[in-house]
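Asks: Below you will find the structure I want to go over with you.
The values are calculated or read from the model by the stated rules, or taken from the named source; none is laboratory data. Computed from a predicted structure; not experimentally measured. No Cβ is skipped: glycine too gets one built from the backbone with ideal geometry, and neighbour counts run over all protein chains shown. Heavy atoms of the whole protein, side chains included, go into the accessibility calculation; ligands, DNA and RNA do not. Shrake-Rupley method; radii C 1.70, N 1.55, O 1.52, S 1.80 Å.
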Amino acid sequence: PGQTLEQALSWGHHLCEEVRRLTVTIGERSIQPSISVGVAIRPDEVDTEEALLELADQALYRAKGKGRNTASD
């Protein structure tokens, strides 16, 4: 809350980078997790939380379309 779109995207990219650096070991198997982050701010025309979540969901799918460990608005 209270972030600009640029600040939120920067945070999203930072989070992706931190997750990319992780290694998770389960038994004898190690994996490197990845995430995709969708970011939305509350523009004047969005007046409900549901509409804002829909924008964030759309941004998430744009990020997923770009590949692993990415953020999108």
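Asks: Going by what's in this entry, would Leu55 be described as out of contact with any Asp or Glu (no Cβ under 6 Å at 6 or more places or on another chain) and either within 18 Å of Gln3 (Cα to Cα) or part of a helix (DSSP H, G or I) (or both)?
Replies: Judged against the criteria, Leu55 is a match.
Asks: I've got another one for you. Could you please let me know if Leu60 is of a type outside the set (Ser, Thr, Tyr) and either in contact with a Phe, Trp or Tyr (Cβ under 9 Å, 6 or more places away or on another chain) or under 16 Å from Gln3 (Cβ atoms) (or both)?
Replies: No; evaluated as a whole, the condition is false for this residue.
Asks: If you don't mind, another one. All but one of (1) surrounded by fewer than 16 Cβ atoms within 10 Å (Cβ to Cβ); (2) of a type outside the set (Ser, Thr, Tyr); (3) touching a helix residue (DSSP H, G or I) at 6+ places or on another chain (Cβ under 9 Å) hold for Asn69; state the number of the condition that does not hold.
Replies: Unmet for Asn69, out of (1) surrounded by fewer than 16 Cβ atoms within 10 Å (Cβ to Cβ); (2) of a type outside the set (Ser, Thr, Tyr); (3) touching a helix residue (DSSP H, G or I) at 6+ places or on another chain (Cβ under 9 Å): (1).
Asks: Condition (residue is in a strand (DSSP E or B) and open to solvent by less than 100 Å² (accessible area, probe 1.4 Å)) applied to the range 4-23: is it met by at least one residue?
Replies: no
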